[in-house]
1. Out of A:64, A:166, A:75, I need the residue that is more than 30 Å from residue B:169 (Cα to Cα), under 12 Å from the mean Cα position of the chain (by Cα) and at pLDDT 95 or above. Which one?
2. Would you mind finding the one in B:61, B:78, B:69 that is more than 21 Å from residue B:201 (Cα to Cα) and either at pLDDT 95 or above or charged (D, E, K, R) (or both)?
3. Taking the stretch B:100-123, which residues are in contact with a Lys or Arg (Cβ under 6 Å, 6 or more places away or on another chain), of a type outside the set (Ser, Thr, Tyr) and within 14 Å of another protein chain (Cβ to nearest Cβ)?
4. Please identify the pairs in which a residue from the stretch A:186-198 that is under 10 Å from residue A:130 (Cβ atoms) has its Cβ atom under 8 Å from the Cβ atom of a residue that is in a helix (DSSP H, G or I) and not aromatic (Phe, Trp, Tyr), counting only partners at least 6 apart or on another chain.
5. Could you please tell me which pairs satisfy a Cβ distance under 6 Å, a separation of 6+ or placement on different chains, a first residue in the stretch A:121-145 that is under 18 Å from residue A:193 (Cα atoms) and away from every other protein chain (no Cβ under 14 Å), and a second residue that is at pLDDT 95 or above and part of a loop (DSSP other than H, G, I, E, B)?
6. Looking only at residues in the stretch B:1-28 that are assigned to a loop (DSSP other than H, G, I, E, B) and modelled with pLDDT of 90 or more, which one is farthest from the chain's Cα centre (by Cα)?
7. Filter the stretch A:171-199 for residues that are away from chain B (no Cβ under 14 Å) and touching a strand residue (DSSP E or B) at 6+ places or on another chain (Cβ under 7 Å) and give the result.
8. Suppose we keep only residues that are in contact with a Phe, Trp or Tyr (Cβ under 7 Å, 6 or more places away or on another chain) and either aliphatic (A, V, I, L, M) or surrounded by 16 or more Cβ atoms within 10 Å (Cβ to Cβ) (or both) within the stretch B:233-254. Which one would you say is nearest to the other protein chains (Cβ to nearest Cβ)?
Amino acid sequence: MTIAIVDYGAGNLASVKKAFDTLGAKAIVTGEPERVSKAEKVVVPGVGHFAATVALDVSGLREAIEGAIARGVPALGICLGMQWMFASSSEALELDGLAIFAGECTRFPAEVKAPHVGWNQLTRMGGSRLLNGVPDASYVYFTHSYRAPVVQQTVATCEYGGLFSAVVEQGNVFGVQFHPEKSGTVGKHLLENFCGLSC
Amino acid sequence: MLTKRIIACLDVTGGRVVKGVQFLNLRDAGDPADLAEAHSAAGADEIVLLDISATAEERTTLLDTVRRTARRLFIPFTVGGGIRCLGDASAVFDAGADKVSVNSAALRDPNLISCIADRFGSQAVIVAIDAKRTSEQQYEAFAKGGRTPTGKDAQAWAKEAEQRGAGEILLTSMDRDGTRSGFDCEITRRIADSVRIPVIASGGAGSAAHFVEVFREGHADAALAASILHYGTTPMAELKQTLRSAGIPVRWPC
């Protein structure tokens, strides 16, 4: 089983790769659409500016990811990768997200510090394959300045300058705003759940 | 609620931790990877590894140390000390660090901050400021491990670092460092209130009560400690329980 960690130049992917290695999963870091298309699972990581996702559009990676999702391949967006699964972000309005989840990502309001950095709690809502066995109120590690709205497919929220989506899930598509690879045993559990999903 | 972070700091040189020989009764207490993992298991929210090597010979082992330590951690991991250029930062990220901490090199060339932030994101750049009180109202930023005055006002420098793309400020009070007499809440509050990015307080931790103070009065977002955690005088469990009893949100149990 191969997990493709999509490399589109948005930050450091070493720790995501390392996390899957630790779990004994076979993961590759790749920027080639052909390899993404062949993978049995796809991870879209990323930190930084939403404008970085333009690299997905121009490289053919967007089509490869969309194709994989359409075939039922489990796909996990992390941080910026999750925000890209929404329709858009006010950080770069000229770009389109995947629009699997409706709505626009927006910056935290001025009354709270941004980035939102540190360990914050999940409030679970509804059933979730990704969060199976993850207790309500678990702490996970966040670092981001923009956040996604709470939508119908939100399975966990977090509170910081208002509620936002911490985890979204629809069929074989999953998004997490926090960094599971940095979130201790809770994060490890979530990644194990993802590794255990079948096509 | 967003919790206040407790960050364990390991000072390393030549691949060994220089402080912390009695921590958690570990036999090989001087190995950074062992210590980092032990801190993580005990409930530390993050690990900072500070390279205090004086010679190039000692420094060459750093990347190997970072690699070995990163492999054992599932929590955020920062590496600082001697990062002079984008290439140094890239090498440390490739070895598995999540953030780098820059200090002297950023004072010399402030453009380094945006240079790393543009490539790896602001969340990956911590600007460390060693501040020393020079008069009643004045705190100055010092370079080279506190040896060289820069003439820069610490608060102004923190604001400039923020504008240039720093994701966090690691503020060390040189007056309190190593004294165990408590954090300098005054400079911490001044800087924490004047920037819109998180501020990590450092220098002077001697008891759990000092952490309560720096969160309450110093408005710190996180606090860093070394010896108090290594020597087991205030175990992490006790520290976090004290904070929790004082009404400060912490990740506990974890």
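The values are calculated or read from the model by the stated rules, or taken from the named source; none is laboratory data. What you are looking at is a predicted structure, and each value in this text was computed from that prediction instead of being measured. As a convention, Cβ positions derive from the backbone with ideal geometry for all residues, glycine included, and neighbour counts pool all protein chains shown.
1. A:75
2. When all the criteria are applied, what remains is B:69.
3. none
4. Taking only residues 6 or more apart or on different chains, the pairs are A:190/A:180; A:191/A:19; A:191/A:180; A:191/A:181.
5. From the stretch A:121-145, the pairs are A:124/A:136.
6. B:1
7. Answer for the stretch A:171-199, where residues must be away from chain B (no Cβ under 14 Å) and touching a strand residue (DSSP E or B) at 6+ places or on another chain (Cβ under 7 Å): A:172, A:173, A:174, A:175, A:176, A:194.
8. Checking each candidate, the answer is B:251.
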